[in-house]
Structures are given as structure tokens and as C-alpha cells.
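Report on the following structure.
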Amino acid sequence: MNAPYGEPILGTVNWGGLRTLYIKEVRRFFKVQLQTVWGPAVTTLLYLVIFTVALGRGGRELMGVPFAEFLAPGLIVMGMIQAAFANASFSLLVGKIQGTIVDYLMPPLSIGELVAGIVAASVTRAFFVGGAVWLVMLLWPGVDVMPQNLLVVLYFGLMGALLLSFLGVLTSVWAEKFDHAAMVTNFVVAPLALLSGTFYSIEALSETFQAVSLANPVFYVISGFRYGFIGVADSPVMIGAILLAILNFILFGLCYRLLASGWKIKN
């Protein structure tokens, strides 16, 4: 039965539109999966090979586990968050550059649904990359990547993917060309990822650099994700879990406000 003229026929959430946007975004990156999924997996494996050969010889251990087992979880989640950022920072930006941004603005989707669709697809890509990296490492001799606490692994993987997805959305709103997005990747995302304790324990750092690491939100992603695999962490896991949840909530609100204002999108 049709609704009376002038009354909306959509419910509180446009699930059909949200699902369509999500499928569109997933299909976009999955069509080039060799570049978007398997490429990062191979690159991450090369990190593992290089650092274990250079630093893992002689039975070296960190935090009570072999160096390769310490390194592997950090590499997995680092690949995940970088993939999440790359996906989220591309969607709206390419629409602005190609003049197809109307494809995101015209459908009957609320601002929250638009953000949710883009971020959900980015998180999906992150978990595809994480799964591919984990599978490759699982087959690599001498590395144990079986998680001790799967729920912790999934939670911190999700929090990290959300964190960089929201940052990617903010970047795509702000950027006016691909150079701007590349600048954020090179000067924000890469330092946050590489200086987050992926390749070392912060116990080996001076007090000044330990304080810098503790101010890096990606550090808590790496530390918590690693805890799910090896059972030890550089930081209190519960505090990291709460901080990441709060930060993601704040970033979602910021994405919502910027898109609702039309800043650099409609203006």
C-alpha cells in the first residue's frame, strides 16, 4: 500500500540505500583486489622477512616471545589501518575531482548513513587485508600467529580500522586533489603507524619518547591487537580500549558535522 502523498516512505534508517552504498564501495576496491588486498599482504610479508632477518637472529626475544611473533601482529594491524585510510580517503575525493560527488549527495541517505556506508566498506577492506596478511604469515615457517584471545584481536582490529576510516573521510572532505591525500598519508598516517611500537617495545625508549608513544592513538591499537595474540601488552589494554572507543565517537561526530555543513563538498 502506498503512503499518502507527502509522507516519507522510508523508516528511521534507509537500510536499502545504506546497503547499496556499502556494496558499491566494496565492489569498487574488490575489482582491483590484487592492488587493494593482496598487494599490501605481500608488502607486509616483506617487512616481516626483512626485520626478522636483520633483527631476529640469535633467538632474540621481545616481551618474552620470539621477535617474529612479537612483530607479526603489529604488521597485520598496520596493514589493516593503512588499507582503511586509503579506502575512506578515496571515495569522496574522487567524486569531487571527477565531478561525480552528486552520486553521494543525491540519494535519499542521511549524513550518518553516508558516513556509515563509506566507513563500513573501509573496515571491510581492512579486514580483507588483515585476513590476507594473517593467511600468508600462517603459512610462513617459524611464525606463530594463532591468537590467544580472538575477541580482543577483533575489537582492536575494528577500533583501528574505524579510527583510520574516519580520518580518511575527514581527509577526503578537506582534500581538493590527490596530492593533498598523499600528503596526509606521508606526513600523518605513515608516522603514526611506524612510530606506534610495531617494530619495538616502548620499554626500550627514553621517557620522552615513551610519552610521545603514549600520545599516539595507533600505539593503543597495536598494543591491544598484539595482546590478543601473545597475551602481553605495552599498555593497559582496558584503558586503550576505552580511549579508542571515545576517540572514534569524537571522529564520527566531526565527520558528521563537516559533511552536514557542506564544507568543501557543496560550497
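One table, with the values for the structure above:
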| read-out | value |
| --- | --- |
| Spatially close lysines, pair count over the chain: Cα under 14 Å, gap of eight or more or interchain | 4 |
| Average silhouette area of region 177-222, convex hull of alpha-carbon atoms, in square nanometres | 3.4 nm² |
| The chain, relative contact order [Cα under 8 Å, separation at least 6], % | 25 percent |
| Relative contact order computed over region 171-237 (Cα-Cα under 8 Å; 6+ residues apart), in percent | 25 percent |
| Relative contact order (percent, whole number), region 31-139, Cα cutoff 8 Å, 6+ residue spacing | 41 percent |
| Sites Ala260 and Glu203, calculated FRET efficiency, Cβ-Cβ separation with R0 35 Å, nearest 0.05 | 0.20 |
| Label point distance in nm, Leu151-Leu139, each placed 7 Å from Cα along Cα→Cβ | 3.2 nm |
| Per-residue Cβ neighbour rank within 10 angstrom, fewest leading, Asp234, Asp144 | Asp144, Asp234 |
| Projected label distance in nm at Trp15 and Phe187, using a 7 Å step from Cα toward the beta-carbon | 4.5 nm |
| Where only alpha carbons of the chain are counted, the Rg and the Dmax (Å) | 19.9, 76 |
| For region 188-199, 3J(HN,Hα) per residue [Karplus equation, 6.51 cos²θ - 1.76 cosθ + 1.60, θ = phi - 60°, Hz, x = Gly/Pro] | 10, 5, 4, x, 4, 6, 6, 9, 10, x, 5, 9 |
| Taking Ile97, Ile222 and counting other C-beta atoms within 10 Å, the order from fewest to most | Ile97, Ile222 |
| Cα-projected label distance for Lys24 with Glu61, points at 7 Å along beta-carbon direction, nm | 5.4 nm |
| FRET E, pair Val94, Leu214, Förster distance 45 Å, beta-carbon r, rounded to 0.05 | 0.80 |
| The chain - charge dipole about Cα centre, Lys and Arg +1 at Cβ, Asp and Glu -1, debye rounded to 20 | 640 debye |
| In region 151-251, GluC sites (Glu not before Pro) in a DSSP loop with at most 14 other beta-carbon atoms within 10 Å | Glu176 |
| For region 134-267, alpha-carbon Rg relative to the globular expectation (2.2 N^0.38 Å, N residues) | 1.19 |
| Relative intensity, log₁₀ I(q)/I(0), of region 159-238 from a Debye sum that treats every alpha carbon as a point, q = 0.15, 0.17 Å⁻¹ | -0.59, -0.72 |
| Efficiency of FRET from Cβ geometry, Asp103 and Leu243, R₀ 30 Å, rounded to 0.05 | 0.25 |
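Any read-out appearing in this document is the output of simple, stated calculations on the displayed coordinates, not a laboratory observation. Nothing here was measured: the structure is a model prediction, and the numbers come from that model. In this analysis, Cβ positions are derived from the backbone assuming ideal geometry, glycine residues included, and neighbour counts consider all displayed protein chains.
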